Amino acid sequence: MRKSIYKALVQTGLIAILLTLISCLWIYYLGARAEAEEHVRTLTKVVAAGLNRGDSPAEILPSAVAGRPFLRLTLIAPDGSVLQETGYRAQHMENHLEREEIHDALAKGEGFVRRKSSTLERETSYYAVRLEDGSVLRGGVERGSWLAIMRETIPAMLGVLTIVLICCFTLTSLLTRKLLRPLIQAGETAEAIVQGRAVPLLSRLPEIDPILLRLREQQELIRDQMEELKEERNHIQRMMNTLNEGVILLGTDGRIIDYNRATERIFDLAADLRGTDAATLAQEEVWLQALRDVATDGRSGGEFTRNERRYVLVARRLEKKEGGVLVVVRDVTEAYQAEQHRRQFTANVSHELNTPLTSVRGYAELLHKGMYESTEEVRNFAARIMQEADRLLAMIEDLLSLSRLDEGHTVTGEHISLLELTREAAEMLSVQAQARDIRIEVGGDEGRLHTDRHLCFELVVNLIDNAVKYNRDGGEVRCRITDFPHAVRLKVCDNGIGISPAEQAHVFERFYRVDHSRSKETGGTGLGLAIVKHIAQRLGGSVRLDSTPDIGTTVTITLPVAE
């Protein structure tokens, strides 16, 4: 600190001295220039008055500048030719008609200009006045330029500067010691207070004593607050350790701040990893990808297997000013196994029911067409068999679709237009919609995607089909596509029966129906939105539902643009 203050004072003094010297020199130069120009202006006017009275130029011009080599007088004819010059031979001088001061004198009666010589570092001021006979008398005064004067005075300036610097160094050293003495004493006293040692206040520095007293009070307050924070952290840590889910807190720099005991169990931690990079916690690609996604998108998730256990992780960026990321890792092994059993059951039931139900529908068609001896009662019965068979076949098809999605078949990628795909789906369902006088409207942006065309088409068909089935007669279905920089959004809106808030949380569950009577009437299986949700997740997107009873329902699908 002593060196910094000493250096700052020396630099300040040096800069002040230099600026003072340069300013004084500049003021002197301006004053001298103004005095010389006023002198040449007065001299030119006096000589011009003599010439207007009839004095001889050959006599009056040399005598006016005698003994003053820095002054020149020039007599110039109206055509610009030089008639007489005190410094040079007139016959050897060029025509002056285009000179600025001559031009102004001929036009306005007088003219003034300064001209610099970059090579000689000289500056000349000219003043010209028009005579009564139309000729022009010009006076000039020559002097050194600003740079030339600076160069001439550098030795003197260096001498003065050396003397002043010696004085400056001496005074600065004394001033630095005087300034630092109370600060050093105050620092020693403050250190003693922080360490808890009782020290007397500085009697020689009453201005600092209140500050030190305040520091002592703050030290006691900070000590109490630290104890409270420590106790609070222990409470939070005990609560976190009772959780079965692993909870990890990351800083804005991606380093681990804290984690609970479940995290140690899940990741088999043998050493304390607090303060290390989050990537060292696990090497699974899902974990590393989640860290990358949460850094860019603010939230991420995924599933991974470790030690024959299956886990789901959810990471979310904290919204507080200090930032950071909270990661929760949950063990879903039992739920995953139960889901696997359910998927296998669904696939087996679908496979077993598909063949006999197809045969039932074939016999029902024979009965309905009257290929056997029949009555009206037989036809009605056959029609009922066909209706139930169609409904069961639709359910089987939906079950097979869900089973394929659950099994995770390979997702292909190709460039598609979501707008064009939605129009195709609307055209396919137009007959079903026209039967109930429902209008399907498709519009918006192009919706360019690189995704699985088959899955995307199945998603759109299920959305529109669901909107038509649960709409009112004469209603409408609006499909709107919107492009974003990294995603495409599809909104399917209807003005149908709507869904109550209590049921909205269940509509994506399999076999769940909002209105059982309407589902039976329209052939609904309760699997449409479940298929939509699964396909959206398989394509890396998301689905959201907004609905109001008796007003309508809006389903929003967001799909990523990139491959």
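Model label points for Gln11 and Glu98, set 7 angstrom from Cα along the Cα-to-Cβ axis, are 5.2 nm apart.
Checking the a/c ratio against 1.5 first, then a/b against b/c, what shape does the Cα gyration tensor give for region 33-127? Judged from the Cα gyration tensor, region 33-127 comes out rounded (a/c under 1.5). Annotation: His235 carries an accessible surface of approximately 90 Å², with a 1.4 Å probe and no ligand, DNA or RNA atoms counted. Remark: the Cα gyration tensor places region 209-309 in the prolate category, a/c being 1.5 or greater and a/b exceeding b/c. Across Arg423, Arg436, the residue with the most accessible area heads the list, and the full order at a 1.4 Å probe is Arg423, Arg436. Within region 243-260, which residues have the backbone N less than 15 Å from the label spot 7 Å out from Glu334 along Cα→beta-carbon, could you tell me? Once the point is set 7 Å along Cα→Cβ of Glu334, 244-245 turn out to lie under 15 Å by backbone N, inside region 243-260. Here the calculated FRET efficiency for Arg423 and His506, from their Cβ-Cβ distance with R0 = 30 Å, stands at 0.45, rounded to the nearest 0.05. Charge tally for Gln237 (other residues, Cβ to Cβ under 14 Å; Lys, Arg +1; Asp, Glu -1): 0.
Between Leu165 and Trp26, the FRET efficiency from the beta-carbon distance, with R0 = 25 Å, is close to 0.70. How charged is the neighbourhood of Arg274? Take every other residue with its Cβ under 14 Å from the Cβ of Arg274, and add Lys/Arg as +1 and Asp/Glu as -1. Once positives and negatives cancel, what remains is -2. Each peptide in 274-284, 257-267 receives the mean, over its residues, of other Cβ atoms within 10 Å, and ordering these scores from highest gives 257-267, 274-284.
Summing charges over all other residues whose Cβ lies under 12 Å from the Cβ of Ile551, with Lys and Arg as +1 and Asp and Glu as -1, gives -2.
Using a cutoff of 8 angstrom between alpha carbon atoms and counting only pairs six or more residues apart, the relative contact order for region 51-96 works out to 27 percent.
Taking amide H positions as modeled 1.01 Å from N, with prolines and chain starts lacking one, the residues under 5 Å from Thr252 and 5 or more places away or on another chain are Gly324.
The values are calculated or read from the model by the stated rules, or taken from the named source; none is laboratory data. Being a predicted model, the structure only gives us computed values, none of them experimental. Here the Cβ is made from the backbone with ideal geometry for all residues, glycine too, and neighbour counts use every protein chain on show. Ligands, DNA and RNA are excluded from the accessible area calculation, which covers all protein heavy atoms including side chains. Shrake-Rupley method; radii C 1.70, N 1.55, O 1.52, S 1.80 Å.
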